[in-house]
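To start, the structure itself, in structure tokens.
The values are calculated or read from the model by the stated rules, or taken from the named source; none is laboratory data. Note that the coordinates shown come from a computational prediction; the quantities given were computed from them, not determined experimentally. Here Cβ is always computed from backbone atoms with ideal geometry, including for glycine, and neighbour counts include all displayed protein chains. Keep in mind that these areas ignore ligands, DNA and RNA; they rest on the heavy atoms of the full protein, side chains included. Shrake-Rupley method; radii C 1.70, N 1.55, O 1.52, S 1.80 Å.
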Amino acid sequence: MRFLAGAVSVITVGQGQDLTGFTATSVSSLSADHPSIIVSLNRASSSWPAIQRYQSFCVNVLADDQQHVADNFAGRGGLKGADRYEGASWQKLVTGSLGLVGALTVLDCELEEAIERHSHSILIGSVRAITTTAEAQPLLYWHGGYRQLSNETGPASR
Ligand SMILES: Cc1cc2nc3c(=O)[nH]c(=O)nc-3n(C[C@H](O)[C@H](O)[C@H](O)COP(=O)(O)O)c2cc1C
């Protein structure tokens, strides 16, 4: 899996002080019409019961200056629950989950379906609201380390 280069997201779940969430690289687009996204979540994570309870979550795609948020939501330093949200600004969109201010994009989702496979659940999120930070660059993860875009190979083809 370490050979799969990818964007880093933080998945937030919960309401009030009943908050948790996790750092994820297993996030991908399912469809644009209907807007929906797939997240793969280890069912041993504290986020799994919370997602079942709230039936919603936010996918916060991190900007390259938000690595500390990735560390918090990976539980680094033993951080749990609402403490993972410290040191960043949050706003509520539609479902009640918290979106990260300054993230590349925030996709506020209702849980459409959770498919249990092996150790994980494949979450299908139906996007209800979106915010974007146009000038931000992505935080990436590859081969066990965080990375940033350093160059471009040419103009985008579409
Ligand atoms: C870069 C990175 C990517 C990760 N990607 C995923 C992922 O896609 N799915 C997942 O379930 N856990 C992933 N994890 C692990 C979770 O972030 C971590 O296990 C979780 O925050 C801890 O769960 P807890 O809430 O039970 O303490 C990743 C961790 C890191 C550092």
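One table, with the values for the structure above:
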{"quantity": "Calculated FRET efficiency for the pair residue 147/residue 44, C-beta based, R₀ 35 Å, to 0.05", "calculated": "0.85"}
{"quantity": "Within the accessible area of the chain (1.4 Å probe), percent carbon and sulfur", "calculated": "50"}
{"quantity": "Positive-pole candidate from 50, 94, 6, dipole of the stretch 6-144, charges at beta carbon", "calculated": "50"}
{"quantity": "Restricting the stretch 75-158 to GluC sites (Glu not before Pro) in coil, as DSSP defines it, with at most 16 other Cβ within 10 Å", "calculated": "86, 135, 152"}
{"quantity": "Contact order relative to length of the chain, as percent, for alpha carbon pairs under 8 angstrom and 6 or more apart", "calculated": "28"}
{"quantity": "Residues residue 1 and residue 115, FRET efficiency given R0 of 22 Å [Cβ-Cβ distance, rounded to 0.05]", "calculated": "0.70"}
{"quantity": "Solvent-accessible heavy-atom area per residue, rounded to whole Å², over the stretch 93-158 at 1.4 Å", "calculated": "63"}
{"quantity": "Relative contact order [Cα under 8 Å, 6+ residues apart], the stretch 16-73, whole percent", "calculated": "32"}
{"quantity": "Highest average packing first - 141-150, 53-62, 75-84, Cβ atoms within 10 Å", "calculated": "53-62, 75-84, 141-150"}
{"quantity": "For the chain, average projected area of the Cα convex hull in nm²", "calculated": "9.7"}
{"quantity": "Sequence of 71, 33 from largest to smallest accessible area, 1.4 Å probe", "calculated": "33, 71"}
{"quantity": "Calculated [θ] (222 nm, deg cm²/dmol) that DSSP helices of n ≥ 4 give over the chain, each run adding -39,500 (n - 2.57)", "calculated": "-2500 deg cm²/dmol"}
{"quantity": "Sites residue 132 and residue 82, calculated FRET efficiency, Cβ-Cβ separation with R0 30 Å, nearest 0.05", "calculated": "0.70"}
